[in-house]
Amino acid sequence: MKALLAICMIVVAAFVWAGETPVSSSPAPTIVKGEVLEAKDVESYTYLRLKTKDGETWAAVNKSPVKKGAEVTIENVMVMSNFESKALKKTFPTIVFGTLGGAGGSAQAAGKDMATAHSGVAKTPDTGDIHVPKASGANARTVAEIMTKGAELKDKPVLVRGKVVKYNSQIMGKNWIHLRDGSGSAATGSNDVLVTTMSQAKTGDVVTVKGVVRTDKDFGAGYAYKVLIEDATLQQ
């Protein structure tokens, strides 16, 4: 029970940090059973509309091949209110987050992975003044240039130097880095770029990132990015 409550607290903290704060949340019930009335897949998650003994409810689980009419059990449940899914362009008055029973492996571990994934793509906190010189060489760009010229740079390689202001390792098989160089504006979100990489770093490192610009990337569960850098390598 203590482990389950810890998972629930991680989920709540992740959504608050992400700026997609629910009005309320609750750790009970811990299991929801029902018939699938509707299933909608996004990149990493599956949304399910369920018919339960207490009425209809929506649930979100790790992406799974669930069909209409199936009887499912959602475990390690976290109930959240007024959650906005950018992927589905829908706000759920109430939605259940959890793991699909019988999906294989430890349901508790899967719940932790989902919570970690949410926090991994959360917005970064204010880190004060940062001034990092622009990288030199072919395809060198500032953070602001990448964020404001995403359509122009889509699927093209870029080189950018900046300070790691947030780092999360091994989320969905990748390391997640938020990079800033002092360019851009916090008001428009052009001062911070998300980087996914297999390379390692730590918060505070100044690194040169070489990767490919991607646009309109949707990781599911309400987390979508207009511009980011993927398949990146890092140099100190």
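The values are calculated or read from the model by the stated rules, or taken from the named source; none is laboratory data. Note that the coordinates shown come from a computational prediction; the quantities given were computed from them, not determined experimentally. Please note: Cβ atoms are built from the backbone with ideal geometry, for glycine as well, and neighbour counts cover all protein chains shown. Areas reflect the complete protein model, heavy atoms only, side chains present, ligands, DNA and RNA absent. Shrake-Rupley method; radii C 1.70, N 1.55, O 1.52, S 1.80 Å.
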Open item on the list: Condition check: modelled with pLDDT of 95 or more, charged (D, E, K, R) and open to solvent by 10 Å² or more (accessible area, probe 1.4 Å). Does Lys156 satisfy that?
Closed with: yes
- [ ] Only residues in segment 131-158 that are touching a residue at least 24 places away in the same chain (Cβ under 8 Å) and farther than 9 Å from Val213 by Cα count as the first member; pair them with residues that are assigned to a loop (DSSP other than H, G, I, E, B) and β-branched (Val, Ile, Thr), Cβ under 6 angstrom, at least 6 apart or cross-chain, and list the lot.
- [x] Lys134/Thr142
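Among the residues of segment 171-204 satisfying the criterion of being charged (D, E, K, R) and under 15 Å from Ala135 (Cα atoms), which is surrounded by the most Cβ atoms within 10 Å (Cβ to Cβ)?
Going through the qualifying residues, I end up with Asp181.
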Open item on the list: Please count how many residues of segment 205-236 are under 19 Å from Ser169 (Cβ atoms), aliphatic (A, V, I, L, M) and surrounded by fewer than 16 Cβ atoms within 10 Å (Cβ to Cβ).
Closed with: 1
TODO: Determine which single condition Glu75 fails, assuming it passes every other condition in (1) more than 21 Å from the chain's Cα centre (by Cα); (2) open to solvent by less than 80 Å² (accessible area, probe 1.4 Å); (3) farther than 26 Å from Asp216 by Cβ; (4) at pLDDT 50 or above.
DONE: (1)
- [ ] Looking only at segment 78-89, decide whether some residue is under 16 Å from Gly34 (Cα atoms), among the polar types (S, T, N, Q) and touching a Gly at 6+ places or on another chain (Cβ under 7 Å).
- [x] no
Task: Evaluation of Lys67 against (1) open to solvent by 80 Å² or more (accessible area, probe 1.4 Å); (2) within 19 Å of Lys217 (Cβ to Cβ); (3) assigned to a loop (DSSP other than H, G, I, E, B) (one fails), failing number - done: (2)
